[in-house]
1. When you go through L86, L72, L3 one by one, which is the residue that is at pLDDT below 95 and of a type in the set (A, V, I, L, M)?
2. Run V96 past the list (1) surrounded by 14 or more Cβ atoms within 10 Å (Cβ to Cβ); (2) part of a loop (DSSP other than H, G, I, E, B); (3) at pLDDT below 95 and report the number of the one that doesn't hold.
3. Looking only at the range 88-113, which residues are of a type in the set (V, I, T), in contact (Cβ under 8 Å) with a residue 12 or more places away in the chain and within 21 Å of H71 (Cα to Cα)?
4. Please find, among Q159, Q149, the residue that is over 35 Å from the mean Cα position of the chain (by Cα), modelled with pLDDT under 90 and surrounded by 12 or more Cβ atoms within 10 Å (Cβ to Cβ).
5. Of everything in the range 12-58, what is among the hydrophobic types (A, V, I, L, M, F, W, C), part of a loop (DSSP other than H, G, I, E, B), touching a Ser or Thr at 6+ places or on another chain (Cβ under 9 Å) and surrounded by 13 or more Cβ atoms within 10 Å (Cβ to Cβ)? Give them in sequence order.
6. If only one of A32, A12, A23 is at pLDDT 95 or above, among the aliphatic types (A, V, I, L, M) and farther than 30 Å from K81 by Cα, which one is it?
7. Given the condition assigned to a loop (DSSP other than H, G, I, E, B) and more than 19 Å from the chain's Cα centre (by Cα), answer yes or no: does some residue in the range 107-127 qualify?
8. I need the full set of residues from the range 59-77 which are among the basic types (K, R) and either touching a Lys or Arg at 6+ places or on another chain (Cβ under 6 Å) or surrounded by 14 or more Cβ atoms within 10 Å (Cβ to Cβ) (or both), in order please.
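The values are calculated or read from the model by the stated rules, or taken from the named source; none is laboratory data. Just so it is clear, the structure is predicted and the values come from calculations on it, not from any experiment. Cβ coordinates were reconstructed from backbone atoms using ideal geometry, including for glycine residues, and neighbour counts include every protein chain displayed.
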Amino acid sequence: MKLQHGREVKPAREVADGHRFCADCGSVKPLAEFPRNRADSSGYATYCQPCHNTRTRETKQRLYGGNREYHLRQWYGIGQKEVDELLAEQGGVCAVCGDPDPEHVDHDHRTGWVRGILCFNCNGGLGQFRDSPTRLARAITYLRGTTWQRVLIHPGVYQMCSPTRGRPPSPRS
């Protein structure tokens, strides 16, 4: 160690091009084994991917008590305790379909406010309809009104038609 500006400084390590030293496991590895990091002047993280993953897991456990709590706090601003309370208010079932043991937190994408706890299918369904009441209403109308039926248009020949489409089968087809 040598002194620089009144502090002890470790000598720089000699590392081959395309490699980097992992300060955690103390080994030299190819750059491909390091996650990208735009904040670092080299463009790569200080720790190799396995060490980086281990450190992240340990930090989430230490600060949040686990990955689920971390995820809930980061995305929705609530913890598992609040999720459990909301689920109890819902009677332990999905707020949309009533199936037991829902696990997915539903939130308004415009405001970020949590609306309820849903099952996988209901949560995905609302997402597919982009949280639009108009789209959902149209889907309900569609489901209630479209019953395709086989109509005999010639002996042995059937055509599929829907009474709500307003188009009876063509007599010439």
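1. After ruling out the rest, the residue left standing is L3.
2. If we test V96 against (1) surrounded by 14 or more Cβ atoms within 10 Å (Cβ to Cβ); (2) part of a loop (DSSP other than H, G, I, E, B); (3) at pLDDT below 95, just (3) comes out false.
3. Within the range 88-113, just V105 meets the criteria.
4. Q159
5. Passing the criteria: C22, F34, C48.
6. After ruling out the rest, the residue left standing is A32.
7. No; the residues of the range 107-127 include none that is assigned to a loop (DSSP other than H, G, I, E, B) and more than 19 Å from the chain's Cα centre (by Cα).
8. Scanning the range 59-77 gives K60, R68, R73.
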